[in-house]
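Below is one structure, written out as structure tokens; comments come after it.
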Amino acid sequence: MKKYSQHINHQHIAKLLSSSTDQLDDSVLSALRQAHTVALDKQRVAEPVFSLSTIGHRAHHLMPHSTHQWIATSIILAAILIGAIGYWQDAQMPVDMEILTDDLPIEVFVDQHE
Amino acid sequence: MNKLIVAMAVICTLTAQTAAAAPEPWSALPPAEREALAPLHPQWNSLPEKQQHNLRILAQHYPKLKMDEKRRFQNRLVTWAQLTPAQRQAAREKYRAFSQIPAEKREQIKQMVKQNQAVKIQQPVSGVAPAAVQP
């Protein structure tokens, strides 16, 4: 078997196939060409395309449907917002504090004549 | 039921806003805030509500300060409280503008200010001394 496969000449096979198609009837050839065209038309191109349809579908499930759900969602969002503002205010040193603790004297920034 | 929930939410919001704006007597302040705002103790109850509120926010940052910052804060607090709102706003704007200057230039300005201060401190001494020597 190994010896046989070594003798396989690909070009020879191609010639054999070409010569055999010459021997086919026109009707068979035209049917084959048509099948080939249809197959190419139906071929699915596997290109990655971003689609929002899946996200939209999932988002639809996450959206509140009833009034109670809307109220609960609003309360949760308000709590998150208040928490975020509180955290931001806590993390952010007020500018007043920076003026009062800076190594430059306060008089540098304060205009006493106003 | 829904109207009740909405009404409760409105009441809670209004209550929270009223509580935030309410003036706080000195005796009602938490000990940490009293420590931070100690220089303002004599005039605290006469300060406007809004100013009290702002100062209490500053006091919340006080424990995080370093020792020298705490000293500066307390030394400047009375001066700061005596300024008009317009003066404080102008000072904030100047400070923000100063903060946007590149660090190297800022350091140069700081050095210049320190030199000027040193000269100002020395000037009254040198001005007084000759007068004392003259007959």
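The values are calculated or read from the model by the stated rules, or taken from the named source; none is laboratory data. The shown structure was predicted, so the numbers you read here are calculated from the model rather than taken from an experiment. Here the Cβ positions follow ideal geometry from the backbone for every residue, glycine too, while neighbour counts run over all protein chains shown. Calculation scope for accessible area: heavy atoms of the full protein, side chains included, ligands and nucleic acids excluded. Shrake-Rupley method; radii C 1.70, N 1.55, O 1.52, S 1.80 Å.
Just the projected area, averaged over all directions, of the convex hull on the alpha carbon atoms of region B:31-82: how many nm²?
3.3
Computed FRET efficiency, Cβ-Cβ of A:Leu77 and B:Met112, R0 45 Å: what is it to the nearest 0.05?
Computed FRET efficiency for A:Leu77 and B:Met112 comes out at 0.35.
Gain in length, B:Gln89 to B:Glu24, computed as 0.36 nm per residue apart minus the alpha-carbon separation, to one decimal in nm?
My answer for the length gained is 21.0 nm.
Divide, for region B:55-115, the radius of gyration over alpha carbons by 2.2 N^0.38 Å, where N is the residue count.
1.30
How far apart, in nanometres, would the label points at A:Gln11 and A:Ala84 be if each is projected 7 angstrom from Cα along the Cα-to-Cβ direction?
7.0
Rounded to the nearest 100 Å², what's the accessible area chains A and B bury against each other, both chains counted, probe 1.4 Å?
Buried: approximately 2900 Å² between B and A.
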